[in-house]
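The values are calculated or read from the model by the stated rules, or taken from the named source; none is laboratory data. None of these values were measured; they are calculated from a predicted model. Protein only, heavy atoms only, side chains kept; ligands, DNA and RNA dropped before computing areas. Shrake-Rupley method; radii C 1.70, N 1.55, O 1.52, S 1.80 Å.
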Amino acid sequence: GWFEVPVGAFNEYLYPDFLRITGTGPLFTRYVIPGLWSEVGVQLRGRFSLSGITNLTYAIFVVNGLQQPDENPEDGMVAEGGEIRSMRYNVNDQYSGDKAFGGRAGLEIDEFDVGVSGYSGRYTIERNRRLSIGDVDASYRGEFLTVRSEAAVAWEETTDEVLHKFGMYVLVAGRPIPWVEPYAQYDFVETTGSE
């Protein structure tokens, strides 16, 4: 089916868009992990109760995957190294049958949640260039306080090098009264590195 890709807490828990605390998504959801990222594929997810307040969660998937836009895919020129967010919405694999895979594992302890997730798949139409993403997240949501943090790194293969893209954010929000929730957020993105 068509589902939100469970890579990172932002895609796993903060959809739809209007349920966010902030007016806009963290910067890394534009440059490292596409925010509101949906795919066509197969997904298996679940939750195991370890005790009354502790749960182990998981989600694994195989999907068509992110695909670099290429204006002329049969011209012998490989479009590569592009913006990751623009690679969304690849609902059919017209040029490549290669599938992407990934998942997220999380541990919920009362109001705390920590998780690790990943993704890997071919993103170019004509040659086998891979895009891999790793993510860690942690959050706390209590009655009066919310704290969220997430960091992600992407490795984007090109002909000459592997592009290294990194992003993270930390958000703290308080609810002194139920209908008011001021917040502070720190974002950091680095998209110019290579290995």
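Any idea what diffusion coefficient segment 93-154 gets from Stokes-Einstein, in µm²/s, Kirkwood Rh on alpha carbon pairs, 10 °C, 1.306 mPa s?
Answer, rounded: 116 µm²/s.
Specify the residue with the greatest mean-square fluctuation among VAL153, VAL180, VAL42, computed from a Gaussian network of the chain linking alpha-carbon atoms under 10 Å apart.
Of VAL153, VAL180, VAL42, the most mobile in the Gaussian network model is VAL180.
Please identify, among TYR169, TYR119, TYR13, the residue showing maximal mean-square fluctuation in a Gaussian network model of the chain using a 10 angstrom Cα cutoff.
Top of the fluctuation ranking is TYR13.
What ranking of GLU143, GLU190 comes out by heavy-atom accessible area, probe 1.4 Å, highest first?
GLU143, GLU190
Rounded, prolate or oblate: which fits the chain, taking a ≥ b ≥ c as square roots of the Cα gyration tensor eigenvalues, rounded meaning a/c under 1.5, else prolate when a/b beats b/c?
Taking the square roots of the gyration eigenvalues as a ≥ b ≥ c, the chain is prolate.
Mean-square fluctuation check for the chain, GNM, Cα pairs under 10 Å: which of ALA151, ALA105, ALA173 is largest?
ALA173
Given the rule -39500 (n - 2.57) for each run of at least 4 DSSP H residues, summed and divided by the residues of the chain, what is its mean residue ellipticity at 222 nm, to the nearest 500 deg cm²/dmol?
-1000 deg cm²/dmol
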